[in-house]
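What follows is a short report on a single structure.
A short reminder: the numbers here are calculations on the coordinates, not readings from a lab. All of these numbers come straight from a predicted model, not from anything done at the bench. Positions of Cβ are generated from backbone atoms using ideal geometry, with glycine treated the same way; all protein chains shown enter the neighbour counts.
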């Protein structure tokens, strides 16, 4: 184990995976921020700052800024978790450090661009391209895993 | 590997991670239970117990109890998966057993409280606080990983 | 590490986990395909192919084919990620190769059936049964992990 866990590739993977997961968790905080500033909640028990029952009901609305952040968070779940899972298996196949670093950096960079493009509503294809770069990095690693370990 | 996988921290991590993932999977069963008892489905092919086509269409509704369980499940996906992924990397950095156990127990306990508070609609801040405790435990582990292995 | 990572069970796990995660990622592509062919988008900046602002707004609709693929993708997230996480811990408990292969194949097979049944709207219980088979395989592995490593 020592030579796998202490390998440069594993340390790099741990770093990038942790950063990108923490970034994904930050989307929850951002959703909370938008829910509070836009006064748009999903649960009646979250509207306790309202004074009257009518006011509380009015706070149970769908707000477009909140929904945008939630879609961005969902896209993170759909892309970042596969990256971390496939990335871990990829790391254990002892890939070349330079290739691995390139793929990790491309993925993590692309996801930060993706979030900025999504939340700030930048014109396409900024969001589309960053999504494709992230997908491509994960698929590359998946292909490498399959071509190295394939046992069906 | 033997001394990592057989370490007390790894055994404890495997136990808590498995328990909390099984708990998350249980939310699917709970959603199914509420869909059947509330007769609220999302797919037309799931309404085969209805007799007439009109009755089938009436079953394609959004029910507030079903939506509540689904939001709880979604919150689990957003919090429990990051815990397991960061927790695995954290475990591999050979942390102190007592600290690791404290973080694992805090996280798993907080998620059970969170689910009860969400599904039974307990007044805030019960749900909010349990969410924050879980987030804090995961962020602590992420910080520990980054401060131990950082390779950018 | 060598004897764990080079073990037949670990190689088989890496293969099946990678295949089923790539299959899950394919659901994003399918969602994109349905969004474009059905002209049903969630973000205003994605409707740049429209000529007039009215046409753009008309493209921000909820389409039932798109929603079906998204529900299928969500079900994948709720089932495939727990399989990969618990499956990794299960693999590290050095299970018997034949049992492990059976569980991995059952799970991956059931998820392909599930997706086909969901997207092509096959009559129940095709989708329900394939979902149960997948759940059962993951729960079996989780039970095996807990009965082997339990440290509370």
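List of remarks:
- At 1.567 mPa s and 4 °C, Stokes D of the stretch A:103-152 from Kirkwood alpha-carbon radius, µm² per second: 111 µm²/s
- All-pairs Cα distance distribution in the protein assembly as shown, expressed in whole percent, bin size 20 Å: 23, 60, 17, 0
- Dividing the convex hull volume of the alpha carbon atoms of the stretch C:5-68 by its residue count gives 92 Å³ per residue.
- Here the stretch B:1-119 is treated as a sphere whose radius is the Kirkwood value from Cα pairs; by Stokes-Einstein at 4 °C and 1.567 mPa s it diffuses with a coefficient of 79 µm²/s.
- Extending 7 Å from the Cα toward the beta-carbon at both residue B:44 and residue C:44 defines two label points whose distance is 3.3 nm.
- Residue C:36/residue B:116 FRET efficiency (R0 41 Å; Cβ-Cβ; nearest 0.05): 0.45
- Between copies, the label points of residue C:122, set 7 Å from Cα on the Cα→Cβ line, lie 4.3, 4.3 nm apart, reported in increasing order to one decimal in nanometres.
- Virtual spin-label span in nm between residue C:139 and residue C:124, 7 Å along Cα→Cβ: 1.8 nm
- Summary of packing: across the peptides B:139-150, A:114-125, the per-residue average of other C-beta atoms within 10 Å ranks them, highest first, as B:139-150, A:114-125.
- Cα long-axis angle, helix C:126-149 against chain C (0 to 90 degrees, to the nearest 10): 40 degrees
- Prolate/oblate/rounded label for the stretch B:31-89 (Cα gyration tensor, a/c 1.5): prolate
- Using the Cβ-Cβ distance between residue B:94 and residue B:54 with R0 = 60 Å, the FRET efficiency computed as 1/(1 + (r/R0)^6) comes to roughly 0.40.
- Distances between copies at residue B:55, taken between label points 7 Å from Cα along the C-beta direction, are 4.6, 4.6 nm in increasing order.
- Candidates B:76, B:46, B:65: whichever shows maximal mean-square fluctuation once chain B is modelled as a Gaussian network with Cα springs under 10 Å: B:46
- For the stretch C:74-122, convex hull volume per residue from C-alpha positions, Å³: 51 Å³
- Relative to the longest principal axis of the Cα atoms of chain A, the long axis of helix A:97-119 makes an angle of roughly 10 degrees.
- Summarising the label geometry, the points placed 7 Å from Cα in the beta-carbon direction at residue C:61 and residue B:147 lie 5.5 nm from one another.
- The eigenvalues of the Cα gyration tensor, multiplied by 5 and square-rooted, give the stretch B:67-152 an equivalent ellipsoid with semi-axes of 27, 13, 10 Å from largest to smallest.
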